[in-house]
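This report concerns only the one structure given below.
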Amino acid sequence: MAIRIYNTLSKNKEPFEPLQPGKVGIYLCGPTVYKPSHIGHMVGPVIFDTIKRYLVYCGFDVTLVINVTDIDDKLINESRTRGMTMPELAREMTDDYMANLQAMGVETVDHFPRATDNIEEIIALTRTLVDGGFAYVAAGGDVYFEVGKDPEYGKLSHRSVEALVGEGGDMADRKRSAADFALWKGAKPGEPSWPSPWGPGRPGWHIECSAMSRRLLGESFDIHGGGLDLVFPHHENEIAQSECCHGKPQAKYWLHNGLMQAADEVGKVGGRNTRTAADGDDRAEQEAGKMGKSKGASAFRDLLQQYSAETIRFFLLSTHYRRPIYYSAERLDEVGTSLATFYRFFERFARVAGSSFYELQPPVRRGAQHDAKSLGAAERERYLETMDDDFNTGGAIGVLFDLVRLLNKFVDENKLEERDKQTPELMGRLREGALTLRELSAILGLFREPVVQADAAGGDDLADGLMQLIIEIRAESRKKKDFATADKIRDALTALRVTLEDRPDGTGWKRAAP
């Protein structure tokens with residue numbers, strides 16, 4: 001099955017055919033670095049890091065660019081509030097952003113261009129638009145793009161120019177039309193500025209991305225991504241200025257991820273009913289309420305003190321990227337509990353196979369030979385079909401759960417916890433299945449390294465003693481067929497992130513780290 005992706009521009013799924021065979025250029029709009037990153041800032045990078053991983057796995061040579069906006073009204077205002085220069089604030093917040101991306105395993109980005117490092121490119125693009133009659137110089141050294149000169153304006157958001165026109169902001173008296181937008185802003189006292197043909201000033205927001213994407217990916221590239229809230233005005237304006245400048249499409253495919261929202265309800269993780277985004281489904285757009293600082297999003301570094309980065313990444317990928325992501329502490333807790341299913345299998349595999357799951361070396365390309373009769377082969381095919389269908393990571397994670405259940409069932413049915421039951425054929429099949437799990441999870445950036453977990457070993461004698469007592473009470477309850485008590489004990493321990501493992505040599509316990 002060929003890869004098909006949903007294009008916001010056409011509002012349809014389309015076959016993925018790069019402009020240059022075998023090569024893919026991706027540009028993702030990154031953050032404005034004026035405050036510490038929150039979880040919403042991680043959504044796009046995790047999704048597009050995963051998209052790149054999958055495309056590379058499928059044999060493409062991919063260049064991924066995520067920009068950093070380090071000049072903006074918000075930066076100027078925040079730097080004044082904090083009593084520091086704008087460059088100092090931008091460096092501090094950029095360092096915070098980069099550290100969080102590293103923690104989240106976002107490691108496939110090729111370029112992180114900063115707006116202030118691309119002023120010459122921005123001025124050159126703006127000058128071309130002025131010379132071509134698409135932009136004009138206004139009083140005070142401002143330069144505006146004239147929306148009326150672009151007959152295709154509004155084609156991304158699928159709205160008429162009349163519907164997109166606002167009041168024009170505080171610069172309305174300088175514009176020819178309220179819909180016109182700034183390419184260059186004349187300098188104001190006390191603000192950072194750079195020399196330009198129109199006098200000292202600084203770039204507008206939209207022109208920065210057009211300039212940086214052109215420099216790194218060319219006048220036309222394959223995929224432009226960003227949050228659903230950027231469709232208008234940011235991406236609509238990017239298209240207008242880039243395409244009027246170059247006379248060709250800026251990007252072939254426009255991918256927009258759903259936004260993070262606070263949620264009260266908790267949905268099941270790992271089930272088979274992971275929702276996908278239907279073709280032409282506008283609900284994501286209707287529900288695009290963004291969770292930011294005003295809605296209680298805390299600094300991401302604080303969240304990493306409560307939950308592992310793997311738990312958060314798993315949570316972000318458990319939903320189809322075009323759907324809203326409903327955030328709650330309960331949801332993250334549930335995800336952490338679901339992840340324990342995999343961690344328990346990894347420990348089981350180490351006991352049975354005598355080697356670590358994390359040491360398995362899986363194929364890194366889709367074209368590698370696979371035995372169609374091997375353990376997990378059918379799940380692998382379903383996984384690939386799911387990812388080929390608009391990078392449906394939520395569905396892919398559902399397949400991973402099916403695969404780990406299959407592997408556990410294989411161990412149980414063949415009693416591989418018992419050494420005398422381990423034949424070379426059975427162990428070979430188990431390793432093949434585990435290798436498939438390793439291969440498919442690596443595409444999602446999951447299970448890259450062993451997690452640190454707290455358990456009875458090397459630690460608290462009191463905790464170990466109490467747990468042994470609880471395990472004995474549970475064993476006695478099961479022996480007396482008092483399954484209600486036994487289940488209550490297990491459920492209570494699960495809520496505390498403690499998992500019990502019933503093995504031939506007895507019951508063990510482990511408490512997952514936050």
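Tabulated data
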item: Distance between modelled label sites at residue 358 and residue 302, nm, 7 Å Cα→Cβ extension; result: 3.0
item: Surface per residue (accessible, 1.4 Å probe) for region 191-265, Å²; result: 30
item: Length gained when the stretch residue 155-residue 176 is fully extended (0.36 nm per residue, less Cα-Cα span); result: 5.4 nm
item: Length gained when the stretch residue 449-residue 80 is fully extended (0.36 nm per residue, less Cα-Cα span); result: 128.6 nm
item: Estimated distance in nm for a label pair at residue 98 and residue 4, the labels positioned 7 Å out from Cα along Cα-to-Cβ; result: 4.1
item: Largest-first ordering by accessible area, 1.4 Å probe, given options 509, 205, 194; result: 205, 194, 509
item: Accessible area of residue 389 in the full protein assembly, 1.4 Å probe (Å², nearest 10); result: 50
item: Exposure ranking of 13, 185 by accessible area [1.4 Å probe, largest first]; result: 185, 13
item: Alpha-carbon Debye profile of region 97-167, log10 I(q)/I(0) at 0.12, 0.21 Å⁻¹; result: -0.60, -0.96
item: Between 0 and 90°, nearest 10: helix 40-57 axis offset from the chain longest Cα axis; result: 70
item: Per principal axis, descending, Cα span of region 294-333 in whole Å; result: 26, 26, 16
item: Accessible surface ranking that places the most exposed of 73, 96 first, with a 1.4 angstrom probe; result: 73, 96
item: Crossing angle, helix 424-443 versus the chain [Cα axis fit, 0-90 degrees, rounded to tens]; result: 20
item: FRET efficiency estimate (nearest 0.05) - Cβ-Cβ, residue 128 to residue 494, R0 45 angstrom; result: 0.15
item: Residue list for region 426-447, given a label point 7 angstrom along the Cα-to-Cβ vector of residue 366 and an amide N cut-off under 20 Å; result: 436-446
item: The chain: Rg to Rh, with Rh as the Kirkwood radius over Cα pairs; result: 1.04
item: Formal net charge of residues neighbouring residue 103 (Cβ-Cβ distance under 15 Å; K, R +1; D, E -1); result: -4
item: Protein accessible area in the chain, 1.4 Å probe - carbon and sulfur %; result: 49
item: Whole-Hz couplings from phi, Karplus 6.51/-1.76/1.60, listed for region 91-106; x for Gly and Pro; result: 5, 4, 6, 5, 4, 4, 4, 5, 4, 5, 4, 4, 4, 7, x, 7
item: Computed accessible area, residue 321, all protein chains, 1.4 angstrom probe, square angstrom; result: 10
item: Solvent-accessible area of residue 85 with every protein chain in place, 1.4 Å probe, in Å² to the nearest 10; result: 70
item: Rough spin-label spacing in nm, given labels placed 7 Å along Cα→Cβ, for residue 17 and residue 330; result: 4.8
item: Hull shadow area, averaged, region 299-363 [alpha-carbon convex hull, nm²]; result: 6.2
item: Descending semi-axes in Å of region 1-142, equivalent ellipsoid built from Cα gyration tensor; result: 31, 24, 13
item: 0 to 90° range, to nearest 10: angle between helix 461-479 axis and the chain longest Cα axis; result: 60
item: In region 16-62, the trypsin sites (Lys or Arg not before Pro) that fall in loop regions by DSSP, at most 11 other Cβ within 10 Å; result: none
item: Average projection area in nm² (convex hull over Cα atoms of region 79-225, one quarter of hull surface); result: 10.9
item: Helix-derived mean residue ellipticity, 222 nm - over the chain, DSSP H n ≥ 4, -39500 (n - 2.57), to 500; result: -13500 deg cm²/dmol
item: Potential extension, residue 432-residue 350 segment - 0.36 nm per residue separation minus Cα distance; result: 28.1 nm
item: Accessible area in square angstrom per residue, region 13-125, 1.4 angstrom probe; result: 37
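The values are calculated or read from the model by the stated rules, or taken from the named source; none is laboratory data. Note that this is a predicted model, so its numbers are computed, not measured. Glycine gets a Cβ as well: all are built from the backbone with ideal geometry, and neighbour counts include every protein chain shown. In case anyone asks, the SASA skips ligands and DNA or RNA and just uses the protein heavy atoms, side chains included. Shrake-Rupley method; radii C 1.70, N 1.55, O 1.52, S 1.80 Å.
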